Amino acid sequence: MGVIEKIKEIEEEMARTQKNKATEYHLGLLKAKLARYRAQLLEPTTKSGGAGTGFDVQKSGDARVALIGFPSVGKSTLLSKTTHTASETAAYEFTTLTAIPGVIEYKGARIQLLDLPGIVEGASQGRGRGRQVVATAKTADLILVMLDATKSEEQRRLLEIELDAVGIRLNKAKPDVVFKRKTTGGITFNTTVKLTRTDERTIRTILAGYKLHNCDVMIREDITTDEFIDVLIGTRKYTPCLYVYNKIDAISLEQMEKLARQPNTVVISCEMDLNLDYLIDRMWDALGLVKVYTKKRGAHPDLSDPICLRKGASIESVCNGVHRSLATNFKYALVWGKSSKFSPHAQKVSLTHQVQDEDVV
């Protein structure tokens with residue numbers, strides 16, 4: 001029996017099993033098995049057959065955004081309109097057959113936008129180049145899920161299932177769980193909160209299923225069994241996501257307002273250039289980038305060429321952004337701006353000082 005058949009069998013058994021306190025333990029075991037088989041499917045252990053062809057697109061700019069959606073939802077049109085990169089567009093499905101990169105220049109930052117081929121149902125199992133698409137999506141800092149506003153919500157649900165199956169968790173934070181392997185000493189299990197959605201017995205059984213008999217587990221939030229399996233596997237990607245509904249010119253105002261009020265959602269029309277500037281603003285906010293300007297002693301700051309970093313970045317990241325050798329010879333830095341205690345005056349800071357948006361260093 002192949003891996004896909006085994007996955008299908010487990011999914012059918014889970015669908016048949018009633019969810020209650022008595023079956024929680026059994027469902028936990030099934031979920032652990034399912035996660036293991038899915039990992040096998042995505043990263044095959046055998047080297048049979050030739051090497052697969054991936055989308056070899058070099059990461060460039062300050063952040064990467066991946067466009068994911070079913071065929072003919074307007075991904076290529078959006079890329080062409082926002083980045084001045086020509087991506088072939090036509091009124092038939094699967095016009096784009098490889099990853100096409102473009103660059104959005106915004107607030108001094110360069111954001112790489114990747115137009116990926118349309119995916120189909122079953123993409124997580126390799127249908128329609130689905131594996132390459134989702135593997136490339138894992139390297140993105142933000143995912144734009146493109147949807148057709150004229151079609152049902154079924155599209156969004158199917159895409160979420162496909163991305164979840166390959167270990168991409170949309171708009172979720174990493175579970176607050178500390179897990180450490182040991183060589184001896186058995187399993188040490190501690191919690192700082194009451195577990196209402198799983199229990200110690202289920203967690204110990206999952207650990208045994210993964211042949212983990214010596215480890216420390218510290219759980220600091222009320223997690224589910226699925227979230228604990230994600231921590232064990234360790235290859236899950238927690239990525240922010242924006243749901244972009246295209247073709248709003250073809251639906252009623254009431255429908256559009258209903259869509260626009262959903263969380264993490266932007267409504268646009270590529271054909272009529274509606275709301276594209278707002279979409280780029282939302283992308284900037286979701287990426288959580290901060291701009292830092294550099295200044296030589298006795299000179300004015302260079303406002304034309306900012307260094308773009310992630311929120312929470314330190315002076316060390318600024319040094320690395322200028323030149324790798326700066327951090328090793330570092331003594332102190334002077335910072336003006338929001339992060340300075342003495343704003344508007346400068347503060348003398350160390351490498352660990354966290355910078356904020358539009359600081360001058």
| query | Taking the DSSP beta bridges in the chain as the whole, what percent of them are antiparallel, to the nearest 5? | reply | 45
| request: Report in % the part of the accessible area of the chain that belongs to carbon and sulfur, leaving out ligands and nucleic acids; probe 1.4 Å. | output: 51
| message | Can you give me the solvent accessible area of Asp273 with a 1.4 Å probe, rounded to the nearest 10 Å²? | response | 90
| query | Just the accessible area per residue of the stretch 268-351, please: how many Å² with a 1.4 Å probe? | reply | 62
| Alpha-carbon Rg with Dmax, taken over the chain, Å | 23.8, 73
| field | Computed accessible area, Met14, all protein chains, 1.4 angstrom probe, square angstrom | value | 40
| task | Using a 1.4 Å probe and ignoring any ligands, DNA or RNA, find the accessible area of Asp305 and quote it in Å² to the nearest 10. | result | 100
| request: Using label points projected 7 Å from each Cα along Cα→Cβ, tell me how many nm separate Ala15 and Leu253, to one decimal. | output: 4.3
| Given DSSP loops and a limit of at most 16 other Cβ atoms within 10 Å, what is the longest stretch of the chain that contains no such chymotrypsin sites (Phe, Trp or Tyr not before Pro)? | 211-329
| Accessible area, probe 1.4 Å, largest first, for residues Arg220, Arg201 | Arg201, Arg220
| query | With r defined as the distance between the Cβ atoms of Thr150 and Ala299 and R0 fixed at 45 Å, what FRET efficiency is calculated, to the nearest 0.05? | reply | 0.25
| query | Tell me, what is the percent relative contact order of the chain, built from C-alpha pairs under 8 Å that lie six or more residues apart? | reply | 14
| request: Give the ranking of Ser314, Ser350 by solvent-accessible surface, highest area first, calculated with a 1.4 Å probe. | output: Ser350, Ser314
| said: Which one, Ser325, Ser152, Ser317, has the greatest fluctuation when you compute a Gaussian network model over the chain with C-alpha springs under 10 angstrom? | reply: Ser325
| Dipole size in debye (nearest 20) for the stretch 199-262 around its Cα centre, Lys and Arg Cβ +1, Asp and Glu Cβ -1? | 240
| task | With 18 Å as the limit, write out which pairs from Lys8/Lys31; Lys174/Lys258; Lys311/Lys348; Lys151/Lys247 have Cα-Cα distances beyond it, or answer none. | result | Lys174/Lys258; Lys311/Lys348
| Global geometry of the stretch 279-331, whether rounded, prolate or oblate, following the gyration tensor of its Cα atoms and the 1.5 cut on a/c | oblate
| field | Separation in nanometres of the label points that stand 7 Å from Cα toward Cβ, at Thr191 and Ile4 | value | 3.9
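The values are calculated or read from the model by the stated rules, or taken from the named source; none is laboratory data. Since we're looking at a predicted model, the values are computed, not measured. Counting neighbours? That spans all protein chains shown, and the Cβs are built from the backbone with ideal geometry, glycine included. Protein only, heavy atoms only, side chains kept; ligands, DNA and RNA dropped before computing areas. Shrake-Rupley method; radii C 1.70, N 1.55, O 1.52, S 1.80 Å.
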